[in-house]
Structures are given as C-alpha cells and as structure tokens.
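First up is the structure itself, then whatever we jot down about it.
The values are calculated or read from the model by the stated rules, or taken from the named source; none is laboratory data. Nothing here was measured: the structure is a model prediction, and the numbers come from that model. Positions of Cβ are backbone-derived with ideal geometry, glycine not excepted, and every protein chain shown enters the neighbour counts. Only protein heavy atoms, including side chains, enter the accessible area calculation; ligands, DNA and RNA are left aside. Shrake-Rupley method; radii C 1.70, N 1.55, O 1.52, S 1.80 Å.
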Amino acid sequence: QVQLVESGGGLVQPGESLRLSCAASGSIFSRYGMGWYREAPGKERELVARFTSSGSTNYATSVKGRFTISRDNAKTTVYLQMNNLKPEDTGVYYCNLRSVSTNYWGKGTLVTVSS
C-alpha cells in the first residue's frame with residue numbers, strides 16, 4: 001500500500017501564489033509516475049501536472065507558464081508551485097501515484113481563488 005499526504009491548499013486572491021506538497025510513503029515501485037490532478041465544482045477530474053515514470057513532465061495547457069511541478073531527490077515528494085492563480089484554478093487538488101499495476105490517490109486539498 002502507498003499513502004499520499006497532500007498539504008498547502010487554501011484561499012487566495014487572483015494573482016497570488018500557492019505551493020502544494022505531496023509526500024508518498026509505503027510500498028513504492030521503482031518505476032512510477034507522480035503528479036497532480038484537480039476537480040473543479042461540477043467538472044470531472046483533470047490532469048494538472050505530473051512526472052511520468054521516465055521522468056518527463058506533462059502540464060495541462062491551462063496552467064503552462066504559471067504552474068511548475070518539482071520533486072525531491074528521493075522522488076517521493078512532489079511539489080506544485082502555482083503562480084498567478086485564477087478563479088478557474090479553484091478546485092480540489094489530488095495527488096496521484098501510478099505504476100504499471102497500481103494507481104493511488106491522496107485525499108485532496110482544496111484551493112480556492114477568489115477576491
């Protein structure tokens with residue numbers, strides 16, 4: 001089993017920044033992808049940014065140039081630096097870790113962007 005613990009959500013005004021963290025623990029495979037998804041009110045969960053199992057990164061078009069995903073040297077903690085936040089970035093942000101045969105989700109952290 002793998003546990004994912006997210007932190008860093010909150011209420012901010014448009015244009016401000018937040019940094020999310022996700023720490024993974026447990027039985028982690030040697031090759032896995034890890035990243036962030038979000039679920040806005042009334043919408044389906046969507047990819048925000050992730051590291052693939054090969055180490056490359058993918059970003060949603062809507063966050064390119066504003067959000068940056070990074071990770072620690074052990075590759076068990078990922079961060080999402082979110083700059084110039086917009087109201088449409090509001091939602092629950094979920095950490096995800098997946099390998100060939102497993103797929104884990106964190107409980108989510110709420111990000112609200114509102115004036």
Roughly how many nanometres apart are two label points built 7 Å out from the Cα toward the Cβ at Ser17 and Lys107? 2.8 nm
How many percent of the accessible area of the chain is carbon or sulfur, using a 1.4 Å probe? 47 percent
Express the accessible area of the chain per residue in Å², computed with a 1.4 Å probe while the remaining protein chains stay in the model. 54 Å²
List the residues, sorted by chain then number, that are 5 or more residues from Phe67 or on another chain and whose placed amide H is less than 5 Å from its amide H. Asn83
Using 16 Å as the cut-off for backbone N distance, which residues of the stretch 16-46 belong to the label zone defined by a point 7 Å from the Cα of Ser99 along Cα→Cβ? 24-35
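Is the shape of the stretch 65-115 best called rounded, prolate or oblate, per the rule: a/c under 1.5 gives rounded, else a/b larger than b/c gives prolate, else oblate, with a ≥ b ≥ c the square roots of the Cα gyration tensor eigenvalues? Before the final figure, lay out the partial values.
Details: a/c = 2.84, a/b = 1.62, b/c = 1.75.
Taking the square roots of the gyration eigenvalues as a ≥ b ≥ c, the stretch 65-115 is oblate.
Exactly which chymotrypsin sites (Phe, Trp or Tyr not before Pro) in the stretch 15-55 are in a DSSP loop and have at most 15 other Cβ atoms within 10 Å?
Values: sites: Phe29, Tyr32, Trp36, Tyr37, Phe51; in loops: Phe29, Tyr32.
Those that pass, being in a loop and sparsely packed, are Phe29.
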Do me a favour and compute the ellipsoid semi-axes for the chain from its Cα gyration tensor, root of five times each eigenvalue, largest one first, whole Å. 24, 14, 13
Run the quick spin-label model on Ala40 and Thr52: label points 7 Å from Cα toward the beta carbon, then report their separation in nm to one decimal. 2.6 nm
Once amide H atoms are built 1.01 Å from N in the peptide plane, which residues 5 or more positions from Gly108, or in another chain, come under 5 Å H to H? Glu6, Cys95
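What ranking, highest mean first, results for peptides 1-10, 56-65 when packing means the other Cβ atoms within 10 Å averaged over each residue? Walk me through the numbers on the way to the answer.
Working: 1-10: 15.5, 56-65: 12.9.
Ranking the peptides 1-10, 56-65 by packing returns 1-10, 56-65.
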